[in-house]
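Just below is one structure, and these are the notes that go with it.
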């Protein structure tokens with residue numbers, strides 16, 4: 001018998017939406033110990049929820065994406081769950097200020113994207129669901145919805161108010177990721193560039209149609225010219241016959 005409850009998914013941000021205004025949701029201090037839906041199929045919260053069967057069942061969690069640093073591998077590790085879930089761990093450097101973590105963002109984005117496209121719910125978490133995992137969900141929003149770093153973080157905070165990427169750490173890395181994410185979207189034809197490509201395709205199709213129409217017109221004109229030449233030749237023949 002299923003104990004799942006209906007999840008009210010937040011409205012997704014518009015592609016490239018800016019600015020996203022921060023508002024204070026109905027929030028209690030203890031809500032930080034729960035998980036909140038951010039966009040369809042993506043929830044954000046603390047790691048300890050993987051040990052709560054009622055949470056996993058109620059939210060139909062199929063995957064756990066845990067962001068951890070080397071000092072946390074002993075505490076944040078796969079465990080037996082009911083119902084069973086698939087664990088994904090991304091081990092990031094302890095001091096992100098001195099490391100390039102952009103590849104970790106890309107790795108997490110691909111995992112989340114796969115879950116979302118498969119319509120399977122994933123809990124993105126870290127030890128407390130406040131710093132590291134928030135940054136990675138924000139990075140996913142930047143990639144999937146073409147958001148700026150500040151707007152992505154604000155969108156997350158509007159649904160999980162305690163979400164706070166470290167100002168000197170992950171916030172800086174999100175700012176560094178912003179132009180890279182935009183370039184990746186341009187290269188893949190996503191977001192506004194996808195619209196531009198569709199516009200280019202439409203213009204190309206119109207040009208092909210104009211060329212086709214021009215060829216048809218040329219054929220019609222040649223036929224008219226041939227007809228005029230034949231008529232002129234017939235006229236000369238009739239004139240000679242009368243003479």
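Throughout, read-outs are computed from the coordinates displayed, never taken from laboratory work. For clarity, every value in this text was computed on a predicted model and none was experimentally measured. Note that each Cβ is placed from the backbone with ideal geometry, even for glycine, and that neighbours are counted across all protein chains shown.
What area, in nm² and to one decimal, does the C-alpha convex hull of region 29-188 cast on average over all directions?
8.7 nm²
What spacing in nm lies between the two simple spin-label points modelled at residue 48 and residue 60, each 7 Å away from Cα in the Cβ direction?
Distance between the two pseudo-spin positions: 2.8 nm.
Indicate the gyration tensor shape class of region 74-145 (rounded, prolate or oblate), computed on the Cα atoms with a ≥ b ≥ c the square roots of the eigenvalues: a/c under 1.5 is rounded; otherwise a/b larger than b/c is prolate and the rest oblate.
oblate
How far apart, in nanometres, would the label points at residue 95 and residue 107 be if each is projected 7 angstrom from Cα along the Cα-to-Cβ direction?
2.1 nm
Fully extended, how many nm does the chain gain between residue 80 and residue 26 (0.36 nm per residue separation, minus their Cα-Cα distance)? Please list the in-between numbers first.
Values: separation 54, 0.36 × 54 = 19.44 nm, distance 3.33 nm.
Taking residue 80 through residue 26 to full extension adds about 16.1 nm, to one decimal.
For the peptides 160-171, 90-101, 127-138, what is the packing order when you average, over each peptide's residues, the other Cβ atoms within 10 Å and list the highest mean first?
Descending mean neighbour count gives 127-138, 160-171, 90-101.
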